[in-house]
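One structure is given here, and the rest of the page talks about it.
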Amino acid sequence: MAADHRRADRVAAAIREEVATFLAEEAKDPRITRLVTVTGAQVTRDLRHAKVFVSVMGSDADRKATFEGLASVATHLRARVGRALRLRLAPEIVFLPDESVERAARIESLLSQIKDGKTPPAPDGDTDD
C-alpha cells in the first residue's frame, strides 16, 4: 500500500515537470502568459486525476485568461503526459491556483510595515469588537 502512494508521488513530480516544460517551451495559446509557474501537482492513488497547482502573476483579468488557456490545453497535456510517462491511462488534468506566492508577499509586506512602526490594516472580514 505504501508503494502505491510513493508511485503517485513520483508520477505527480513527473507531471509537474512535464507541464512546466510544456508551458515554458511549447504553449502556443496567447491567453497563457509567460508569468505562469507550476508550483506542484497531486495525483490520486489510482493515477486517474491530477491537480496541477500554478501561480500566475498579473492582474485578475490576466489570471482569468490564463486559467481559461490552461483549461483549453489540458486535454493536449493529458495525452502528452501519458506518452511521456508511458502510462496506460493518462490522468485527467485540472489546473488550480496556488495562492502561496501571493500569501507570502502579503506576509512580507505586513512584516515590513510592522518593522517600520506602521500599524498594518486589518484583514478583510475582521472587525474590532
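The values are calculated or read from the model by the stated rules, or taken from the named source; none is laboratory data. Treat the numbers as computed from the prediction; the structure is a model and nothing was measured. Note that each Cβ is placed from the backbone with ideal geometry, even for glycine, and that neighbours are counted across all protein chains shown.
Worth a mention:
- Residue 58 surrounded by fewer than 16 Cβ atoms within 10 Å (Cβ to Cβ), without any contact (Cβ under 8 Å) to a residue 12 or more places away in the chain, touching a Leu at 6+ places or on another chain (Cβ under 8 Å) and not aromatic (Phe, Trp, Tyr): no
- Residue match in the range 66-75 (condition: assigned to a helix (DSSP H, G or I), in contact with a Gly (Cβ under 9 Å, 6 or more places away or on another chain) and either surrounded by 14 or more Cβ atoms within 10 Å (Cβ to Cβ) or not polar (S, T, N, Q) (or both)): yes
- For residue 24: the one exception among (1) of a type in the set (A, V, I, L, M, F, W, C); (2) closer than 17 Å to residue 71 by Cα; (3) at pLDDT 90 or above; (4) not in a strand (DSSP E or B): (3)
- Looking across 77, 35, 47, 89, one residue alone is free of Cβ contacts under 8 Å to residues at least 40 places away in the same chain and either touching a His at 6+ places or on another chain (Cβ under 8 Å) or aliphatic (A, V, I, L, M) (or both). It is 35.
- Residue match in the range 84-105 (condition: assigned to a loop (DSSP other than H, G, I, E, B), of a type in the set (A, V, I, L, M, F, W, C) and surrounded by 13 or more Cβ atoms within 10 Å (Cβ to Cβ)): yes
- Near pairs, Cβ below 6 angstrom, 6+ apart or cross-chain, from the range 104-128 (at pLDDT 70 or above) to any residue that is surrounded by 10 or more Cβ atoms within 10 Å (Cβ to Cβ) and outside any helix (DSSP H, G or I): 110/120; 113/120
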